[in-house]
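J.: Can you keep this structure in mind? I'll have questions shortly.
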Amino acid sequence: KLQQTGTKFRGSYSEGFHGPTILEFFAQVLNRDLGLPFQAVRLQSELSQSYEAGIEQDLQDWGDLSATLFYIDYDRLFDELQFIQDAFARGIETDLSIQPMDRLRFGGNYTLVHARNEVADVRLSSRARHRWNLFVEADPLPAWKLRADLNIVGNRLVPNTLSTAGGDINGLAIGPDTANFYS
């Protein structure tokens, strides 16, 4: 932390482990038992490595401002109905909080994400590229706190391919976001 300016720097590294959910397990059992035209995946744990670097600026009595860069590398990602052997997500998250008066605070954050299936070289369908969160918070009485939040999530792509360990199965998805799926 720089004492003169109130600037903080932070960084982190973490590793993640996510076992298959009961739904993922039963979907694979159903694939096998019904003899569906694709091979059931041998369920293994999803692994990830995450890196973050950020900066936070104290705005004195007014609030604070921050920005964080992140990168997440996934191995064996279960992404909705898709099994993806190798994927990543990278982006930036910014945050602003302002308190113009003692009992009033407002602000929000914005996240920009670039997430890709590295094997097929396509966007991950379940990750919205843009996400905004805005809030207003007031303390009209000492024992009361009122808060209103607005969450805005950008378009998510609709997958038209179901990826399995036995290969990809093409499907038909109709909607405004399917045309840009392979961008």
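The values are calculated or read from the model by the stated rules, or taken from the named source; none is laboratory data. This structure is a prediction, so every number in the text was calculated from the model and none was measured. Positions of Cβ are generated from backbone atoms using ideal geometry, with glycine treated the same way; all protein chains shown enter the neighbour counts. Keep in mind that these areas ignore ligands, DNA and RNA; they rest on the heavy atoms of the full protein, side chains included. Shrake-Rupley method; radii C 1.70, N 1.55, O 1.52, S 1.80 Å.
J.: Out of Asp86, Asp61, I need the residue that is open to solvent by 100 Å² or more (accessible area, probe 1.4 Å), charged (D, E, K, R) and modelled with pLDDT of 70 or more. Which one?
T.: Asp61
J.: Of everything in the stretch 2-27, what is polar (S, T, N, Q) and open to solvent by less than 70 Å² (accessible area, probe 1.4 Å)? Give them in sequence order.
T.: Correct list: Thr5, Thr7, Ser12, Ser14, Thr21.
J.: Condition first: open to solvent by 50 Å² or more (accessible area, probe 1.4 Å) and either farther than 19 Å from Trp144 by Cα or of a type in the set (Gly, Ala, Ser) (or both). Now tell me which residues in the stretch 99-119 satisfy that.
T.: Tyr110, Leu112, His114, Glu118, Val119 - these are the residues of the stretch 99-119 that are open to solvent by 50 Å² or more (accessible area, probe 1.4 Å) and either farther than 19 Å from Trp144 by Cα or of a type in the set (Gly, Ala, Ser) (or both).
J.: Can you name the residue in the stretch 120-139 that is open to solvent by less than 70 Å² (accessible area, probe 1.4 Å) and among the aliphatic types (A, V, I, L, M) and is also farthest from Leu69 (Cα to Cα) among such residues?
T.: Ala138
J.: Right, something else. When you scan the stretch 13-28, do you find a residue that is at pLDDT 90 or above and either of a type in the set (Phe, Trp, Tyr) or out of contact with any Leu (no Cβ under 8 Å at 6 or more places or on another chain) (or both), even just one?
T.: yes
J.: Which pairs turn up if I take residues in the stretch 110-139 that are within 19 Å of Glu52 (Cα to Cα) and look for partners that are buried (at least 18 other Cβ atoms within 10 Å of the Cβ) and of a type in the set (Lys, Arg) with beta carbon separation below 9 Å, at least 6 apart in sequence or on another chain?
T.: Val113/Arg127; His114/Arg123; His114/Arg127; Ala115/Arg123; Ala115/Arg127; Arg116/Arg123; Arg129/Arg123
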